[in-house]
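The values are calculated or read from the model by the stated rules, or taken from the named source; none is laboratory data. All values reported here derive from a predicted model rather than from experimental measurement. Every residue, glycine among them, receives a Cβ derived from its backbone with ideal geometry; neighbour counts consider all protein chains shown. Just so you know, the surface numbers come from the protein's heavy atoms only, side chains and all, with ligands and any DNA or RNA stripped out. Shrake-Rupley method; radii C 1.70, N 1.55, O 1.52, S 1.80 Å.
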Amino acid sequence: MAIQRTFSIIKPDATRRNLTGAINAKFEAAGLRIVAQKRIKLTREQAGTFYAVHKERPFYDELCDFMASAPIVVQVLEGEDAIARNREVMGATNPAEAEEGTIRKEFALSIGENSVHGSDGEDTAREEIAYFFSGLELVG
Ligand code: CMP
């Protein structure tokens, strides 16, 4: 298995409830290293650009409003098979379908307010990391 990097967001529902540390503990327990991290607040426009792939979905406006509603923590996670491993630790998008022990099972409030985002493949990971971080901020 190769060492990979993936992009992660701790979403507004989680930062509001002071869950950044609890969620980071889950990543680290799963063998993922947080190699870059910053707390920022997106504008509605920045949220819309990030989620442009979902533009035609009925939940797009609600998703963008939510993502711009409070600070988020953007992160780069590194480890063996990091993209798949992170998706396992996050659990299913809908917390009602997430497995025991996953972040979304323990912390998510709903399919929209689902506490975390993680890249779904190598290309998206590269694009999403580059949207938020410069090379100088990635120190492994
Ligand atoms: P995320 O992994 O960030 O990618 C897209 C997001 O859209 C997803 O997590 C959910 O938070 C959100 N989403 C997906 N389906 C729905 C839905 N039916 N209603 C509201 N939000 C949704």
Practice prompt. Would you please list the contacts, defined by Cβ atoms under 7 Å and residues six or more apart or on different chains, that run from a residue in region 29-55 that is more than 18 Å from GLY112 (Cβ to Cβ) to a residue that is of a type outside the set (A, V, I, L, M, F, W, C) and exposed (fewer than 12 other Cβ atoms within 10 Å of the Cβ)?
Written response: VAL35/GLY140
Worksheet item: For region 1-58, which helices (runs of 4 or more DSSP H) that fit wholly inside it have 2 or more residues that are under 20 Å from SER69 (Cα atoms) and within 16 Å of the ligand (Cβ to nearest atom)?
Response: 12-16, 44-50
Worksheet item: Any residue in region 120-137 that is out of contact with any Ser or Thr (no Cβ under 6 Å at 6 or more places or on another chain), of a type in the set (Ser, Thr, Tyr), more than 14 Å from the ligand (Cβ to nearest atom) and open to solvent by 20 Å² or more (accessible area, probe 1.4 Å)?
Response: yes
Item to complete: Among the candidates ARG39, ARG44, ARG57, single out the residue that is open to solvent by 30 Å² or more (accessible area, probe 1.4 Å) and in contact with a strand residue (DSSP E or B) (Cβ under 7 Å, 6 or more places away or on another chain).
Response: ARG39
Worksheet item: In region 58-109, how many are polar (S, T, N, Q), in contact with a helix residue (DSSP H, G or I) (Cβ under 7 Å, 6 or more places away or on another chain) and more than 26 Å from VAL35 (Cβ to Cβ)?
Response: 1
Worksheet entry | Single unsatisfied condition, ALA98 versus (1) surrounded by 16 or more Cβ atoms within 10 Å (Cβ to Cβ); (2) free of Cβ contacts under 8 Å to residues at least 60 places away in the same chain; (3) within 10 Å of the ligand (Cβ to nearest atom) | (3)
Discussion item. Show the residue pairs meeting these rules: Cβ distance below 7 Å; 6+ apart or different chains; first residue within region 112-140 and more than 15 Å from ALA52 (Cβ to Cβ); second residue β-branched (Val, Ile, Thr) and open to solvent by 20 Å² or more (accessible area, probe 1.4 Å).
Written reply: ASN114/THR93
